[in-house]
Amino acid sequence: MSSHTGVKHSLRFGQVVIGPPGSGKTTYCHGMQEFLTNLGRKVVVVNMDPANEGLPYSCGVDVSELVTLDDVMDGLKLGPNGGLLYCMEYIEANLDWLENKLKQHSDCYFLFDCPGQVELYTHQSSVKNIFSQLAKWSFRLTAVHLVDSHYCADPAKFISVLCTSLSTMLHVELPHVNVLSKMDLIEQYGKLAFNIDFYTEVMDLTYLLDHLAADPFFKKFHHLNEKLAEVIQDYSLVSFVPLNVQDRESMIQVLQAVDKANGYCFGDLEERNLQAMMSAAVGADFQFNFTLRVQERYVETSGKTVEEEMMDL
């Protein structure tokens with residue numbers, strides 16, 4: 001553990017990018033690095049994944065200099081899951097190394113590219129402790145939790161995603177933005193049962209339960225699914241921002257949500273003034289219009305009237 005926790009650090013902002021394997025975390029970091037650089041921010045990407053190889057972005061700090069998954073698996077004869085848990089515990093035990101690396105980058109905006117093992121963010125404590133230590137070093141971070149958007153096409157998987165997202169929000173204890181990534185592929189594995197805003201705003205989940213009940217396999221789990229939906233709705237914390245990394249408007253929408261969550265838009269670094277605060281405080285109409293544009297761009301229309309769709313339901 002670092003011995004410098006009593007030293008006062010200057011305020012630094014950033015994102016910790018988390019999510020399941022293959023959800024697009026590294027691609028997001030690469031795209032967000034380029035996007036923020038074009039906006040004039042000085043960006044440093046921190047690779048926190050000991051298993052990440054062939055990084056597409058220029059990396060300011062890389063934990064593979066401290067520990068790699070391959071070395072741990074070979075040396076301790078562990079599998080990939082146990083090896084990654086050990087790696088994160090090793091990083092937690094050597095936070096002074098991380099602090100010294102981060103000190104070399106002043107007046108920067110940080111992107112932390114984190115591992116993709118789900119249990120690291122739902123019940124294992126190493127990553128949570130690392131995030132807590134970063135907060136003590138005056139980092140103001142937002143957790144950006146990426147989830148594949150095509151899970152929306154499967155009601156069972158979407159409910160599972162909601163449970164994982166809620167568990168992650170409660171465990172990580174950071175300002176949180178859930179993101180539906182790869183919006184251009186949202187209907188790759190099936191048609192959506194509802195409009196995009198049903199999934200981004202997590203509306204009445206009883207409609208999804210009706211869809212699940214129509215499946216013979218899930219019918220016997222109806223009571224369990226009902227209780228899971230109740231837990232999600234009782235907390236009323238989970239919502240999503242749709243994202244296509246190649247779409248500028250989509251990136252702006254995510255960045256606005258992140259900057260509002262960690263307080264970056266309320267600071268005095270750039271042109272963040274009263275007008276910026278007001279634009280963060282309002283904007284419901286803009287969010288609704290943005291969701292409509294996402295719907296039109298990425299989701300095929302059925303060609304049915306509202307009455308016909310209601311009859312189908």
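Observations on the structure shown:
- The number of residues in region 71-96 that are free of Cβ contacts under 8 Å to residues at least 12 places away in the same chain and surrounded by 12 or more Cβ atoms within 10 Å (Cβ to Cβ) comes to 4.
- Residue match in region 16-25 (condition: farther than 30 Å from Gln253 by Cβ and either modelled with pLDDT of 95 or more or part of a loop (DSSP other than H, G, I, E, B) (or both)): no
- Flag if Leu66 is in contact (Cβ under 8 Å) with a residue 24 or more places away in the chain and surrounded by 17 or more Cβ atoms within 10 Å (Cβ to Cβ): no
- Residue within region 10-28 that is open to solvent by 10 Å² or more (accessible area, probe 1.4 Å) and over 25 Å from the mean Cα position of the chain (by Cα) present: yes
- Criterion violated by Gly116 - all others in (1) under 21 Å from the mean Cα position of the chain (by Cα); (2) outside any loop (DSSP other than H, G, I, E, B) satisfied: (2)
- Residue list for region 134-167, filter: under 23 Å from Phe110 (Cα atoms), outside any strand (DSSP E or B) and open to solvent by less than 10 Å² (accessible area, probe 1.4 Å): Leu134, Trp137, Ser165
- A single member of Leu209, Leu170 is under 30 Å from Leu141 (Cα atoms) and assigned to a helix (DSSP H, G or I), and it is Leu170.
- Counting the residues of region 46-61 that are open to solvent by 30 Å² or more (accessible area, probe 1.4 Å) and farther than 19 Å from Leu120 by Cα gives 7.
- Unmet requirement for Glu99, which otherwise passes all of (1) over 30 Å from Asp184 (Cα atoms); (2) under 20 Å from the mean Cα position of the chain (by Cα); (3) open to solvent by less than 10 Å² (accessible area, probe 1.4 Å): (2)
- Of note, Val177 satisfies the criterion of being farther than 20 Å from Ala51 by Cα, buried (at least 16 other Cβ atoms within 10 Å of the Cβ), touching a residue at least 40 places away in the same chain (Cβ under 8 Å) and in contact with a strand residue (DSSP E or B) (Cβ under 6 Å, 6 or more places away or on another chain).
- Applying a threshold of 9 Å to beta carbon distances and a minimum spacing of six or more residues, or different chains, the list of pairs starting in region 23-47 at a residue that is hydroxyl-bearing (Ser, Thr, Tyr) and ending at one that is assigned to a helix (DSSP H, G or I) and buried (at least 21 other Cβ atoms within 10 Å of the Cβ) reads Tyr28/Val254.
- Matching residues in region 29-40 - criterion: being among the charged types (D, E, K, R) and open to solvent by less than 20 Å² (accessible area, probe 1.4 Å): none
- Residue list for region 180-201, restricted to those being surrounded by fewer than 19 Cβ atoms within 10 Å (Cβ to Cβ) and among the aromatic types (Phe, Trp, Tyr): Tyr189, Phe194, Phe198
- Test: Ser302 is among the polar types (S, T, N, Q), at pLDDT below 85 and either outside any helix (DSSP H, G or I) or open to solvent by 80 Å² or more (accessible area, probe 1.4 Å) (or both): yes
- Filtering Asp148, Asp154 for residues that are under 17 Å from the mean Cα position of the chain (by Cα), under 28 Å from Leu185 (Cβ atoms) and among the acidic types (Asp, Glu) leaves a single hit, Asp148.
- Count of residues meeting criterion [in a strand (DSSP E or B) and touching a Ser or Thr at 6+ places or on another chain (Cβ under 9 Å)] in region 45-67: 2
The values are calculated or read from the model by the stated rules, or taken from the named source; none is laboratory data. No experiment lies behind these values; they were computed from the predicted model shown. Positions of Cβ are generated from backbone atoms using ideal geometry, with glycine treated the same way; all protein chains shown enter the neighbour counts. To get the accessible areas, we keep the full protein, side chains included, count just its heavy atoms, and leave off ligands, DNA and RNA. Shrake-Rupley method; radii C 1.70, N 1.55, O 1.52, S 1.80 Å.
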